[in-house]
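Encoded as structure tokens, the structure appears first; notes follow it.
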Amino acid sequence: MYVAVKGGERAIDNAHAWLAEERRGDSAVAELSVPQIREQLALAVNRVMAEGSLYDPDLAALAIKQSRGDLIEAIFLIRAYRTTLPRLGASLPVETEQMSCDRRVSATFKDAPGGQILGPTFDYTHRLLDFKLAADGEVPQAAQTTGREEQTPHIMSFLDREDLIQVEGEGADVPDDLTRAPMELPASRALRLQALTRGDEGFILGMAYSTQRGHARNHAFVAELRIGAVPVEMDIPELGFAIEIGEVTLTECETVNQFKGSKTEPPQFTRGYGLVFGMTERKAISMALVDRALRWAELGEDNVGAPAQDEEFVLYHCDNIQATGFLEHIKLPHYVDFQSELELIRKLRREATALQQVAE
Amino acid sequence: MDGSDPNAARKAWMSMLAKSPATLLAQLWGAFVPPQHSVLRAPEIGGVMVRGRAGAVGAAFNLGEMTVTRASIKLSDGTVGHGYVQGRDKAQALTAALIDAMMQTDVAPRVQAEILTPLGNAMDQMKSTRAAKAAATKVDFFTMVRGED
């Protein structure tokens, strides 16, 4: 018989108080401010915005502070906050061609118009710990030269002119939104891209890596990787026209993939696409590779049974909040479930012992 | 942009106010005595779903939301002003709505000169400094002397 149990309130209150104290750490050490996190742990902030699916650097920084740097916990806080916001509308699709590029590189064309802009990258650093950062060091000034004023064209448009790249199809005017309706399979590409851009960086990276190692290999080249600020425009009903309502920093990755042609498509290059909030380069490249792998059906490729081709597997397991919710719930009390398991095992054991005795 | 668009000027100042740094706007606004007005829509924080396009040119998809705060006011002469700003600053949204209304009245030249022009200059300066730093990281390829003569 199960008797409802109460109790634990005092223990919980005390646990929360201790959590607050541990979060603060040694009070002899200066406390971190939210702006410090926003400015100095910007890539963590970017990840929390991307996977929390809400662009607000101050909130993401606050979530990181509250979660003691546990980024999945911070993402959870942002997702929970997001659900409390009234939806004011949807933007027009952002025009990444208009991006003010902080960084823009192509692995396919050396002399791309607009050039190769390295930006504030970790690439080419030696990955040696810099002990100067442990001391209060002066920061060297970034060099400046005359900046680019005109738009930077997408590399893909050059291949498009030669008709060598697969054409991107039109989609629904109002794309499916997994925050509004449960995901149904087969998913539209719009739904897949939404799931991937907010998916767990580690999971998407692992999936992308699996395609490089040979599971549904699709020979990706990074045609272009660009990072920078893009204006966000929205139609304002009370005005009757669109205005810019803000500006977001995005990372965009376009891959070109070798493609020998299929039953339905001529030999050409095909494309994978990654677009992610913030400076989130690893995630955007990963997203493009996984997007391309998931497109096997529309391109008439064979399903070779690789995990990255399996829409159900990828889309239902890439969300770290769903995953951690289900995973972590098993540490919460399961006293009743376990009691019944215990009864069952005891019963089976009694029966087995009785049978053995009869046989003897 | 399109010179024939009758809303071009309003669109431009509203867009600039939406993207403005809150502290800078508050500073510039500080010198103004707000005109008589009533609040039509109290500042409201909400989310806007930002969309992208597959492959940058194809079908639209939902990228994620951003925080936006909006407010609307009416001046005593009946002029209505709307403010939309990125983020969650309610005061900034109200200020933007007031400026939007004032830009439709006789005080527009003063608002333009004392708020919008310096605001725009500061924002352009920030943008061009970033562009200048990016430009300094542009790779200049050069070909090594070839051995084959």
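Laboratory data are not the source of any read-out in this text; all were calculated from the coordinates shown. The structure displayed is predicted, hence computed values, not measured ones. So basically every Cβ, Gly included, is an ideal-geometry build from the backbone, and we count neighbours across all protein chains shown.
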| remark: Applied in sequence order to segment A:171-187, the curve 6.51 cos²θ - 1.76 cosθ + 1.60 (Karplus, θ = phi - 60°) yields integer Hz couplings, x standing for Gly and Pro, of x, 5, 4, 10, x, 4, 10, 6, 8, 10, 9, x, 5, 10, 10, x, 8
| task | Please tell me the relative contact order of segment B:26-139 in percent, rounded to the nearest whole number, where contacts are Cα pairs under 8 Å and at least six residues apart. | result | 20 percent
| query | For A:THR211, what charge total do you get from the other residues with a beta carbon under 9 Å from its beta carbon, if Lys and Arg give +1 and Asp and Glu give -1? | reply | +3
| task | In nm, give the distance between the simple-model label positions of A:LEU164 and A:GLU328, each being 7 Å from the Cα along the Cα-to-Cβ direction. | result | 4.9 nm
| remark: Spelling it out for A:TYR55: with amide H atoms placed in the peptide plane at 1.01 Å from N, the residues 5 or more places away or on another chain with amide H under 5 Å from its amide H are B:GLU65, B:MET66, B:THR67
| Shielding of A:90-100 by partners, i.e. mean partner chain Cβ atoms within 10 Å per residue? | 5
| Helical mean residue ellipticity (222 nm; -39500 (n - 2.57) per DSSP H run of 4+; nearest 500) of chain B | -11500 deg cm²/dmol
| note | Averaged over residues of A:299-311, the number of beta carbons from other chains lying within 10 Å of each residue's Cβ is 0
| field | Cα gyration tensor, segment A:12-82 - rounded (a/c under 1.5), prolate or oblate | value | oblate
| Span from the segment A:298-360 Cα centroid across to the segment A:125-199 one, whole angstrom | 37 Å
| field | Euclidean distance of C-alpha centroids, segment A:257-284 and segment A:1-55, integer Å | value | 38 Å
| said: Residue by residue through A:245-256, how many Cβ atoms from other chains fall within 10 Å of the Cβ on average? | reply: 4
| field | Dipole moment magnitude, nearest 20 debye, segment B:31-89 about Cα centre, only Lys, Arg, Asp, Glu C-beta charged | value | 160 debye
| Debye log10 I(q)/I(0) at q = 0.13, 0.19, 0.23, 0.29 Å⁻¹ for segment A:160-211, Cα point scatterers | -0.47, -0.83, -0.96, -1.08
| All Cα pairs of segment B:21-133, percent lying beyond 18 Å | 59 percent
| field | Per-residue HN-Hα couplings for segment A:301-309 [Karplus 6.51, -1.76, 1.60; θ = phi - 60°; Hz; x = Gly/Pro] | value | 7, 7, 7, 8, x, 6, x, 5, 8
| task | Run the quick spin-label model on A:GLU21 and A:LEU342: label points 7 Å from Cα toward the beta carbon, then report their separation in nm to one decimal. | result | 3.3 nm
| said: So if I place +1 on the C-beta of Lys and Arg and -1 on the C-beta of Asp and Glu, and nothing else carries charge, what would the dipole magnitude of the protein assembly as shown be about its Cα centre? I want it in debye, nearest 20. | reply: 760 debye
| query | Top mean-square fluctuation among A:LYS283, A:LYS263, A:LYS65, Gaussian network model of chain A, C-alpha springs under 10 Å? | reply | A:LYS263
| remark: For segment A:285-348, the percent of all C-alpha pairs falling in each 5 Å bin, from 0 up to the bin holding the max distance, is 3, 13, 16, 13, 10, 9, 9, 9, 8, 7, 3, 0
| said: Test of understanding: in a Gaussian network model of chain A with alpha carbons linked when under 10 Å, which of A:GLU138, A:GLU168, A:GLU244 would top the mean-square fluctuation ranking? | reply: A:GLU138
| remark: Rounded to the nearest 10, the angle in degrees between the Cα long axis of helix A:335-359 and the longest principal axis of the Cα atoms of chain A comes to 60 degrees
| task | Give the long-range amide H neighbours of A:PHE269: residues separated by 5 or more places, or on another chain, with amide H under 5 Å away, using H modelled in the peptide plane at 1.01 Å from N. | result | A:ILE165, A:GLN166
| task | Arrange the peptides B:23-29, A:337-343 so that the one whose residues have, on average, the most other Cβ atoms within 10 Å appears first. | result | B:23-29, A:337-343
| note | For segment A:12-82, the charge dipole (Cβ of Lys, Arg +1; Cβ of Asp, Glu -1; about the Cα centre) points to a positive end, and the Cα of A:GLY52, A:ALA42, A:HIS16 closest to that extreme belongs to A:GLY52
| If R0 is 22 Å, what FRET efficiency do you get for B:LEU24 and A:LEU32 from their C-beta distance, rounded to 0.05? | 0.30
| task | Among A:ALA134, A:SER100, A:GLY147, pick out the residue whose Cα is farthest towards the positive end of the charge dipole of chain A, where Lys and Arg carry +1 and Asp and Glu carry -1 on C-beta, about the Cα centre. | result | A:ALA134
| field | Tail beyond 41 Å, pair distance distribution of the protein assembly as shown (Cα, percent) | value | 32 percent
| So for segment B:21-133, taking the charge dipole from beta-carbon charges (+1 Lys/Arg, -1 Asp/Glu), which of B:LEU28, B:GLN86, B:ASN62 sits furthest toward the positive end? | B:ASN62
| request: Add +1 for every Lys or Arg and -1 for every Asp or Glu among the other residues with Cβ under 11 Å from the Cβ of B:ILE45, and state the total. | output: 0
| said: At 222 nm, what value in deg cm²/dmol follows for chain A if DSSP H runs of at least 4 each add -39500 (n - 2.57) and the sum is divided by all its residues, to the nearest 500? | reply: -12000 deg cm²/dmol
| field | Too-long pairs where the Cα-Cα distance tops 22 Å, listed order kept, from B:LYS19/B:LYS127; A:LYS132/B:LYS127; B:LYS19/B:LYS90 | value | A:LYS132/B:LYS127
| Once amide H atoms are placed 1.01 Å from N in the peptide plane, what residues at a sequence separation of 5 or more from A:ILE236, or on another chain, have their amide H within under 5 Å of its amide H? | A:PHE241, A:ALA242, A:ILE243
